[in-house]
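> Quick one: structure below, then a few questions.
The values are calculated or read from the model by the stated rules, or taken from the named source; none is laboratory data. A quick note: this is a predicted structure, and the numbers were derived from the prediction, not measured. So basically every Cβ, Gly included, is an ideal-geometry build from the backbone, and we count neighbours across all protein chains shown. Please note that ligands, DNA and RNA were not included when accessible areas were found on the heavy atoms of the full protein model with its side chains. Shrake-Rupley method; radii C 1.70, N 1.55, O 1.52, S 1.80 Å.
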Amino acid sequence: MKFNTKTIHGGQHPDPATGAVMPPVYQTSTFAQKSPGVHGGYEYSRAANPTRTALENALASIENGTRGLAFSSGLAATDCVLKLLKPNDEVIAMDDLYGGTYRMFSKIYQEFGIKFHFVDMNDLDKFKSLINENTKLVWVETPTNPLMKLADIEAVAKITKEKNLLFAVDNTFATPYLQRPLDMGADIVMHSATKYLGGHSDVIAGALIVKNEQLGEKLHFAQFATGGTLGPQDSYLVLRGIKTLHLRMQRHCENGEKVANFLSNHPKVKTVYYPGLESNPFYDIAKKQMQGGFGGMVSFTFESGKKEDAIKFLESVRVFTLAESLGGVESLANHPALMTHASIPEDKRKEIGITDDLVRLSVGVEDAEDLLEDLRQALG
Ligand SMILES: *Cc1c(COP(=O)(O)O)cnc(C)c1O
C-alpha cells in the first residue's frame, strides 16, 4: 500500500460490531467479561480501548512499524521512553530540542540519576566520543524546533546499531509524509500528535511507533503501568486528522517554500531557517532523507537583530495567529525565546542560536497569496 492510501486505510477496518466505517468512540472505562479473565481482548481502557487501538494501528501503518502506542501528550510519549532507563544510564541528545523535552530531561530525569549530554549530531566524532558503557539512548529531533537543524538519521543509526544503543527520533516536524525514521534504522519514532498528525489544533496527543515487537511490548508495559494513555475521544480526533495528513502536508510544504523564499528576499529579514533553501547548511541531508518537500515550519531573524522588531511583527500579523503550537491547518507565529522555549536558560538559548529576534512560523494551508500579503504588511 502506498503512503497516501495508508493514511486512510492503513491498519483500518470497519467496526466489527456494527460495520461503522469510522471506529465509534468507545467512551467506556471497562468491558464486560463472560467469566473471570475471559473477554474479547478488552478489559480496562488504560490497558486497551478499541478507539485507541484503531489509532495505534493507523500510527504503526503510516510509520512502517509493527506497533503504535497513543499517549495523552507528546511529552507523555517521550516520558514513556525514558522509563526504559535506570539510574546511571546516559542519554545523548541533539543540542536543539523542543523546550519541553529539554525541560523533562534536565529538570526531571537528571534528578533521577540519568545523565544527559547535548551535542550537535552533525559532529559525528563528537557524538561518538560521548558514548561509553553507560550510554543507553540517543534522542534526535529532525528537523529541530525552532532552528530547523537536521541530523542525518542513517548516519546516526549506523553508529547506534554498532554500539547497541536505542535510537529514538522525534518526527513531529517532518511527519511520515516526508520521512520515515524506522526505515532508516531508528528504533523508536515519537510524535507530538498535537501537531501535524492531529492537524486541527483541537487535541493534545502523543505517539510512539516501533518495528521491534519486543520493544513494543516493553513500551506498552511502561505505558500501561504508569498510565499516560490517550482517551477515546482524543484518539478519534487524531485518527480523523491522519486521514488527510498527506493532503495537508502537500499544501504545508508548498506554502512553506513560498514563505521561505519570500522572507529570504525581504530586506528586513536576516536569516531564514528552512531546510528547503539551497543556501541552508542542511539542504543536502534534507534532500536525502525528506521526500516530497521540506515541511511547513519556517523560522527567521531580523536584519536589525532587535527583539522589538520581532514583537512588533508578531503584534501586527492578521492571518497568522500569535500562538504556541504548530502543525494545524491555520498559520501560527511564535516568539521562541519568550514562549515555547522560555524554559531553556538564556545563556543556553543564546549559545544554540535562539536569539530574541527569532520568530517561528507554522505555515498553514491557507491561500499562499494571503499569507505573503500578511507577512508583507506585518514586516512593514
Ligand atoms: C509540541 C512538541 C512536543 C511535545 O508535545 P506535546 O503534545 O505538547 O506534549 C515534542 N516535540 C516537538 C518537536 C514538539 O513540537
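> Sorted from largest to smallest, which semi-axis lengths in Å does the alpha carbon gyration tensor of region 164-277 give for its equivalent ellipsoid, taking the root of 5 times each eigenvalue?
Values for region 164-277, descending: 31, 18, 12 Å.
> Which whole-Hz couplings ³J(HN,Hα) result when phi for each residue of region 85-102 is put into the Karplus expression 6.51 cos²θ - 1.76 cosθ + 1.60, θ = phi - 60°, listed in order with x for Gly and Pro?
Calculated HN-Hα couplings, in order: 9, 10, x, 6, 5, 10, 10, 10, 10, 4, 7, 10, 10, 3, x, x, 5, 4 Hz.
> Give me the dipole magnitude in Debye, nearest 20, for the chain about the Cα centre, with unit charges on the beta carbon: positive for Lys and Arg, negative for Asp and Glu.
Dipole magnitude for the chain comes out near 760 debye.
> Suppose we keep just the DSSP beta bridges with both residues in the chain; what percent of those would be antiparallel, to 5?
For the chain, the DSSP antiparallel bridge percentage is about 55.
> Write down the Kirkwood hydrodynamic radius of region 89-196, to one decimal in angstroms, obtained as one divided by the mean of 1/r over all alpha carbon pairs.
One over the average 1/r among Cα pairs gives 13.9 Å for region 89-196.
> What is the gain in length, in nm to one decimal, between R46 and D183 on full extension, counting 0.36 nm per residue of separation less the C-alpha to C-alpha distance?
So the extension gain works out to 46.3 nm.
> Please state the equivalent ellipsoid semi-axes for region 22-148: what are the square roots of 5 times the Cα gyration tensor eigenvalues, largest first, in whole Å?
36, 17, 13
> Where does the charge balance sit around I311 when Lys and Arg score +1, Asp and Glu -1, over other residues with C-beta under 11 Å from its C-beta?
-2
> Follow-up. Which ³J(HN,Hα) values in Hz, rounded to whole numbers, follow from the phi angles of region 129-144 under the Karplus curve 6.51 cos²θ - 1.76 cosθ + 1.60, where θ = phi - 60° and Gly and Pro get x?
5, 8, 7, 9, 5, 8, 5, 10, 9, 10, 10, 10, 10, 8, x, 8
> I want to check the label-to-label distance for A323 and T30. Put each point 7 Å from Cα in the C-beta direction and report it in nm to one decimal.
Each label point is offset 7 Å from its Cα along the Cβ direction, giving 3.8 nm.
> Tell me the Rg and the Dmax, in Å, that the Cα atoms of region 246-379 produce.
Rg then Dmax for region 246-379, in Å: 14.1, 40.
> Would you please put 357-366, 126-135, 184-193 in order of how densely packed they are, using the mean number of other Cβ atoms within 10 angstrom per residue and starting with the highest?
184-193, 357-366, 126-135
> First select every other residue whose beta carbon is under 12 angstrom from the beta carbon of T226; then total the charges, Lys and Arg +1, Asp and Glu -1.
+1
> Which lysines does K307 reach when only Cα atoms under 18 Å apart count, and residues fewer than 8 places away in its own chain are ignored?
Leaving aside lysines fewer than 8 places away in the same chain, those within reach of K307 are K268, K270, K348, K350.
> What lysines sit close enough to K243 to cross-link, taking a C-alpha to C-alpha distance under 29 Å and skipping anything fewer than 8 places away on the same chain?
Straight-distance partners of K243: K2, K6, K149, K195, K211, K218, K258, K287, K288.
> Would you calculate a helix-derived [θ] at 222 nm for the chain, using -39,500 (n - 2.57) for each DSSP H run of n ≥ 4 and dividing by the full residue count, to the nearest 500?
Roughly -10500 deg cm²/dmol at 222 nm, from the helical runs in the chain.
> Which FRET efficiency value, to the nearest 0.05, is calculated for E330 and E373 with the Förster distance at 22 angstrom and r the Cβ-Cβ distance?
Working from the Cβ atoms, E equals 0.90.
> E308 accessible area, nearest 10 Å², 1.4 Å probe?
The accessible area of E308 comes to roughly 110 Å².
> Any chance you could run the full-extension gain for K307 through H39? It's 0.36 nm times the residue separation minus the Cα-Cα distance, nm to one decimal.
90.5 nm
> Let me see the P(r) profile for the chain: every Cα-Cα distance counted, bins of 20 Å, each bin given as a percent of all pairs.
Going out from 0 Å in 20 Å bins, the chain shows 29, 57, 14, 0 percent.
> Give me the 1.4 Å probe accessible area per residue for region 3-242, excluding ligands and nucleic acids, in Å².
I get 41 Å² per residue for this part.
> Could you name the aspartates and glutamates in cross-link range of K86, using Cα to Cα under 13 Å and dropping any fewer than eight places away on the same chain?
E111
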